[in-house]
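Novice: Before I ask anything, let me first share the structure, which is written out below as structure tokens.
The values are calculated or read from the model by the stated rules, or taken from the named source; none is laboratory data. Remember, predicted model here, so these are calculated numbers, not experimental data. So basically every Cβ, Gly included, is an ideal-geometry build from the backbone, and we count neighbours across all protein chains shown. Ligands, DNA and RNA are stripped out before the accessible areas are found, and what is left, the full protein with its side chains, is counted by its heavy atoms. Shrake-Rupley method; radii C 1.70, N 1.55, O 1.52, S 1.80 Å.
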Amino acid sequence: FCALRGFDIVHINATGPALLAFLPRLLRKKVLVTVHGLDWKREKWGGIAKISLRLGAWAAAVFPNRTVVVSRTLQKHYRDWLGREVDYIPNGVVLPNANHVSEIPNPLGLAKNSYILFLSRLVPEKGCHTLIAAFRTLRTDLKLVIVGPPTHSEEYAEELHALA
């Protein structure tokens, strides 16, 4: 409710909070929602939460003035599911200047071009288990480096450790 006073634009991140995007619209505020993923498909949520998050995914495209998604897949999803055009702005990073690469910490002592990196939350929907299975079929000297925290998925992280 604090965001409804004294601001012209309200930016909401994620489909759950998007359920409330109608409130600032009622007060004639400009509303932008950014969708980072289809949260209702994540295994960590129970039935009621999944229904709420699916409603939030709908609200993210219906209530705000503009909707932004972080992948072409999400953009296609909203086009196919609701016939809505949403704006695509990818997540990204600024790559370091090649002259400063040696300054990046390397606690594992990995040599350049010697590994494949999986950097993500360790949750089933990211498919790290599939990557491990596929990597095992390769004949390569490369190492598979898996980096990331489990997010409500400690059991899955333990399964990944066992697979690795």
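Novice: Looking only at residues in segment 22-37 that are at pLDDT below 95 and open to solvent by less than 30 Å² (accessible area, probe 1.4 Å), which one is nearest to residue 57 (Cα to Cα)?
Specialist: Only one residue fits best here, namely 37.
Novice: Please return the ranges of strands (runs of 3 or more DSSP E) entirely within segment 52-164 where 3 or more residues are closer than 30 Å to residue 32 by Cα, modelled with pLDDT of 95 or more and in contact with a strand residue (DSSP E or B) (Cβ under 6 Å, 6 or more places away or on another chain).
Specialist: 66-69
Novice: Within segment 103-135, which residues are under 23 Å from residue 151 (Cα atoms) and of a type in the set (Lys, Arg)?
Specialist: 121, 126
Novice: Against the condition at pLDDT 90 or above and open to solvent by less than 80 Å² (accessible area, probe 1.4 Å), how does residue 3 come out, does it pass?
Specialist: no
Novice: Also: If we keep just the residues of segment 132-152 that are closer than 24 Å to residue 107 by Cβ and under 18 Å from the mean Cα position of the chain (by Cα), which is surrounded by the most Cβ atoms within 10 Å (Cβ to Cβ)?
Specialist: 146
Novice: Take the residues in segment 38-81 that are polar (S, T, N, Q) and either over 15 Å from residue 22 (Cβ atoms) or over 16 Å from the mean Cα position of the chain (by Cα) (or both); name whichever of them is most open to solvent (accessible area, probe 1.4 Å).
Specialist: By that ranking, first place goes to 73.
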